[in-house]
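Enquirer: Sharing a structure, written as structure tokens. Questions coming.
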Amino acid sequence: MVLEVKNLTKAFGENEVIKNVSFQIKEGEIFALIGPNGSGKTTIIKLIAGLLRPTSGQIFIEGYDVVKNPVEAKSRIGYIPDEPIIWQGMTGLEFLHFSGALYKMSEEERTRNIKKLLSIFNLFGIQNNYFEDYSRGNKQKFAILGALLHKPKLLLIDEPIVGLDPQSAQIAQDLFRDFAQKGGAILLVTHTLEVVEAVATKIGFIKNGKLLIQGFQKDIANFLKLKSRATLQEIYASLNK
Amino acid sequence: MLLFLWQYHVRSLGRYFKTRPAAKTITFSLFVLLFISMGVGISIFFEKAFWFIKGFPYLEKALIFYVFELFFLLVSYLVFLSALLSGLFIFWRRNFDNYFMAGPAFGAMPWYVLMKTTILSFWPLVVLAIPALLGISKVVDFDLGSIFVILLAVLLLIILVVALAFDILFLLVRLLVLANLRSHHFGSVLSQIFLGLVILMLVISYFVWLKFANTDLSSFFDIQNLNIEKADIAKIDDNFKWLPSHLAAQIAFSFIGGVQGRILIYFIKLFIWFTIEIFIFWLMSKPYLLIWQVLQEGRFVNKIKPNFKSFPRFLKGQIGAIFEKEMMVILRNPRHLLWSLFLVCLWFIQIMLNFVIRKNIQTHSSDIDGVLKIVQAAQLVVVVYFISAFILRFVFPAFSTERNTAWILGSSPIKLSKIFGAKLLFFSGALILLGVGLSIVNSFVLSVPAFNLPVFLGTTAVMIFFAVVFGLSLGTIFPNFGTDDPEILSTSLPGLGFVLGTLIYGGLGATVYYYYWLNGIDFRSLAVFIVVSFLGSLVFLALSFRFLKNIEFKKSS
């Protein structure tokens, strides 16, 4: 088991935004969490990434508790946020090296991996430009590469293809599929249902902080008494009634 | 459009008090109290100083005129520098600008920035000019009417100086845009403006330096000449003429000199100068849209585009990466650099005063040793306060400003206490180096005996270390992830707590140091102070580590 979320609850003061959520992601799985705006998807990702502390419940990454053993747990994570902002005046290349250094990678290892990763999106030539000067899509590409650099076991992805051109979006999807096929696990949070249909192996639907349903698309369709070939759009509409 | 913007700003004051009104009311009240305390201090200082001056009938009028000239020059200098920095942001790319410039009211933008900068520049009037005049009025014949007229002159002077700064800035920008017109390479114009501004600030500072530092007061007031009964003001008049502050000084002095009839003439002169500056501004700001469009093609640090193969470059590991990141954040941010430059310019004033002290007191005072003890203790407190300004700007908000980048640091396998340690290492190292460097320069200028230097520098280093720990800890214990603007963060209640804390701590340190030297190098009290500083640092570090365990990076205030 790569990720195990047990009875996770998060409250901001009186406001309980995540309510007793439990799910698991195994090696090779891409679990897509979908739901309307403000349902708690990003909060769950932030709780797993260790940016927020659970009010109750537990999160294990390869058996390590995110709260009790944060360093061991986080060393297995790669996180791609919905809004990749970095420090003013840092270049894309410096950002990648900085990320690698935080994961205790040697300079040689970083240089080798960065070279390989830059070729995926063909980012050679712009790696020494300032990050804030990149287009939205290029920022996203560097964030994806930064998350993959240290070869994590679990990828946490919040809105993966926002700003990417169609070709880059396809490359990103292939990259995620390849990552999972090589034994990684992915938690994907998105509103783009086409991406979910294209890459997700399992789906979870969250509304008002509650994980209403999770499983394979076909099983969910059957459970909702929709036709077995129901599209994700139809499933989503049925759940969001 | 201007009216709409002003309504927005006025309403934003109301919005400020809507969330956590109790804490914000306390913060606001404490700030007012701090300003009042400063004002009372300045008022008492001027009252005492003018009583002292009154004791020398030969010097009285000339010295008062000289004090007015220096005072108004200082006010103008501060306003001019801050106006240059604020004015620069007319050309800065901000989200707000795009809405403004895409609409039909783009022509209002330079006027809006001019008015906003002018209002923000009124602080010397409130904090310096009004308390000083109230203090002086207890010694010389200043009635309410004359105070009102002088304040009006200062007001006009401030607007004039702001407009002058903007005119120079616009001229510089237009010249640089024209120079790059043929090549169409506008990408580097912003960097050129930045460089031009740095040179301009240094030149102005040097000019003000000359007005201050090269002054031998005895020859200035012709003390050796026994044939005259009262010192002549002609030399002072000559020294400061052509400065905008000169007219305001003349207006203030006219009330004491008994030449009220000339006030109207000086006022008219000041008003004409003011009108000319505003007219030039109107002319200069006409092609603003064109300049703005051109400048969007570049960025401020365009010229120093880095091309490094790795990061961190000099250090290794996680701490090395954080350490170099902190350095990079400051050095590659022109806003931080210009702000630091502004502080350096203020430091120039302090050095100027040191030159005046050395030149005049060491030459003419019989109790050089006694004066030096006071001055050196004052140097200690000045250096600590100077460094505290850097701490308030960079160290105190060091955790809160990570709100947008928390996704990198917070999700990485590095303990927050390690990040804290790296930040502490960087800031304490850099600021101790800076503080000790300033102290060495100050001591050199004042010709402090070499045997006393190690203790002086050691005390400075310990005090700076404590101040850094104090600032970083307060910012960590009370993080504010609602904004990443260091100016807003530092004016919060914990920021005010830091200001008050360091004010008291600096004053205490200087007092202890003064008595250490006064009592024939008595180490006991100084040793106790140093030990208490270290223990205090440990307490704040322990508190910070405790709070770091529960910190959450959520974007709310």
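The values are calculated or read from the model by the stated rules, or taken from the named source; none is laboratory data. The model shown is predicted, which means the values in this text are computed figures rather than measured ones. Every residue, glycine as well, gets a Cβ built from its backbone with ideal geometry; the counts of neighbours run over all protein chains shown.
Enquirer: Here is a list of conditions, (1) facing chain B (nearest Cβ under 7 Å); (2) outside any helix (DSSP H, G or I); (3) over 23 Å from A:Lys207 (Cβ atoms), and A:Ser99 meets all of them except one; can you say which number that is?
Expert: (2)
Enquirer: What pairs come out if I take residues in segment B:540-557 that are farther than 12 Å from B:Phe478 by Cβ and in a loop (DSSP other than H, G, I, E, B) and pair them with residues that are among the small types (Gly, Ala, Ser) and at pLDDT below 85 whose C-beta lies under 8 Å away, six or more apart or interchain?
Expert: What qualifies is B:Lys555/B:Gly482; B:Ser556/B:Gly482.
Enquirer: Let me ask something else about it. What is the one condition in (1) out of contact with any helix residue (DSSP H, G or I) (no Cβ under 8 Å at 6 or more places or on another chain); (2) hydrophobic (A, V, I, L, M, F, W, C); (3) under 21 Å from B:His9 (Cα atoms); (4) at pLDDT 80 or above that B:Phe148 does not satisfy?
Expert: (3)
Enquirer: Quick test of your reading of the structure: B:Lys418 fulfils all but one of (1) within 11 Å of chain A (Cβ to nearest Cβ); (2) part of a loop (DSSP other than H, G, I, E, B); (3) surrounded by fewer than 22 Cβ atoms within 10 Å (Cβ to Cβ). Name the failing condition by number.
Expert: (2)
Enquirer: Within the set of pairs 6+ apart or on separate chains, which have a first residue in segment A:8-34 that is surrounded by 16 or more Cβ atoms within 10 Å (Cβ to Cβ) and at pLDDT 95 or above, a second that is assigned to a loop (DSSP other than H, G, I, E, B) and of a type in the set (Lys, Arg), and C-beta atoms under 7 Å apart?
Expert: Going by the 7 Å Cβ cut-off, there are no qualifying pairs.
Enquirer: What are the residue pairs meeting all of these: first residue in segment A:141-167, first residue more than 14 Å from chain B (Cβ to nearest Cβ), second residue buried (at least 22 other Cβ atoms within 10 Å of the Cβ) and among the aromatic types (Phe, Trp, Tyr), Cβ atoms under 8 Å, and 6 or more apart or on different chains?
Expert: A:Pro160/A:Phe176
Enquirer: Within the bounds of segment A:195-215, is there any residue that is modelled with pLDDT under 90 and either buried (at least 16 other Cβ atoms within 10 Å of the Cβ) or within 30 Å of A:Tyr103 (Cα to Cα) (or both)?
Expert: The answer is no; no qualifying residue exists.
Enquirer: Let me spell it out: the conditions are (1) in contact (Cβ under 8 Å) with a residue 40 or more places away in the chain; (2) in a helix (DSSP H, G or I); (3) farther than 30 Å from B:Leu493 by Cβ, and B:Phe52 meets all of them except one. Which number is the exception?
Expert: Result: B:Phe52 fails condition (1) only.
Residue-by-condition table, conditions (1) surrounded by 20 or more Cβ atoms within 10 Å (Cβ to Cβ); (2) in contact with a Leu (Cβ under 9 Å, 6 or more places away or on another chain):
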{"residue": "A:Asn122", "(1), (2)": "no, no"}
{"residue": "A:Glu132", "(1), (2)": "no, no"}
{"residue": "A:Gly137", "(1), (2)": "no, yes"}
{"residue": "A:Leu154", "(1), (2)": "yes, yes"}
{"residue": "A:Asp165", "(1), (2)": "no, no"}
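Enquirer: Please work out which residue is farthest from the chain's Cα centre (by Cα), limiting yourself to segment A:49-63 and to residues that are surrounded by 20 or more Cβ atoms within 10 Å (Cβ to Cβ) and within 7 Å of chain B (Cβ to nearest Cβ).
Expert: Going through the qualifying residues, I end up with A:Leu52.
Enquirer: Here is a follow-up. In segment A:38-48, what residues are more than 14 Å from A:Glu16 (Cα to Cα) and surrounded by fewer than 22 Cβ atoms within 10 Å (Cβ to Cβ)?
Expert: Within segment A:38-48, just A:Thr42 meets the criteria.
Enquirer: Still on this model: Give the residues of segment A:42-71 that are among the basic types (Lys, Arg) and under 17 Å from A:Ala11 (Cβ atoms), sorted by residue number.
Expert: Matches in segment A:42-71: A:Lys46, A:Arg53.
Enquirer: Okay, next question. Looking at segment B:307-328, which of the residues that are aliphatic (A, V, I, L, M) and within 22 Å of B:Pro413 (Cβ to Cβ) is surrounded by the most Cβ atoms within 10 Å (Cβ to Cβ)?
Expert: B:Ile322
Enquirer: I've got another one for you. Looking at this structure, is A:Phe131 more than 17 Å from B:Ile322 (Cβ to Cβ) and at pLDDT 95 or above?
Expert: no
Enquirer: Mind checking which helices (runs of 4 or more DSSP H) fall wholly inside segment B:192-307 and carry at least 2 residues that are modelled with pLDDT of 85 or more and more than 22 Å from B:Leu88 (Cα to Cα)?
Expert: In segment B:192-307, the matching helices (runs of 4 or more DSSP H) lie at B:244-257, B:263-284.
Condition check ((1) at pLDDT 90 or above; (2) over 19 Å from B:Thr27 (Cβ atoms); (3) crowded, with 18+ Cβ neighbours inside 10 Å) across all residues:
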| position | (1), (2), (3) |
| --- | --- |
| B:Asn480 | no, no, yes |
| B:Thr483 | no, no, no |
| B:Gly507 | yes, yes, no |
| B:Tyr513 | no, yes, yes |
| B:Gly520 | no, yes, no |
| B:Arg524 | no, yes, no |
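Enquirer: Among the listed residues A:Val66, A:Val71, identify the single one that is β-branched (Val, Ile, Thr), out of contact with any Ser or Thr (no Cβ under 6 Å at 6 or more places or on another chain) and more than 7 Å from chain B (Cβ to nearest Cβ).
Expert: A:Val66
Enquirer: Mind checking whether some residue in segment A:104-127 is within 22 Å of A:Gly50 (Cβ to Cβ) and at the interface with chain B (Cβ under 9 Å from one of its Cβ atoms)?
Expert: Looking for residues that are within 22 Å of A:Gly50 (Cβ to Cβ) and at the interface with chain B (Cβ under 9 Å from one of its Cβ atoms), one finds at least one in segment A:104-127, hence yes.
Enquirer: Here's something else I'd like to know. Going by the conditions given, is B:Val448 more than 14 Å from chain A (Cβ to nearest Cβ), assigned to a helix (DSSP H, G or I) and surrounded by fewer than 21 Cβ atoms within 10 Å (Cβ to Cβ)?
Expert: No, not satisfied.
Enquirer: Just one of B:Ile53, B:Ile44, B:Ile64 is hydrophobic (A, V, I, L, M, F, W, C), surrounded by fewer than 17 Cβ atoms within 10 Å (Cβ to Cβ) and under 29 Å from the mean Cα position of the chain (by Cα); which is it?
Expert: The unique qualifying residue is B:Ile44.
Enquirer: Of the residues B:Phe100, B:Phe80, B:Phe142, which is closer than 30 Å to B:Phe52 by Cα, crowded, with 16+ Cβ neighbours inside 10 Å and aromatic (Phe, Trp, Tyr)?
Expert: It is B:Phe142.
Enquirer: Next question. In segment A:75-90, which residue that is touching a Pro at 6+ places or on another chain (Cβ under 6 Å) and at the interface with chain B (Cβ under 7 Å from one of its Cβ atoms) is surrounded by the fewest Cβ atoms within 10 Å (Cβ to Cβ)?
Expert: So the residue we want is A:Ser75.
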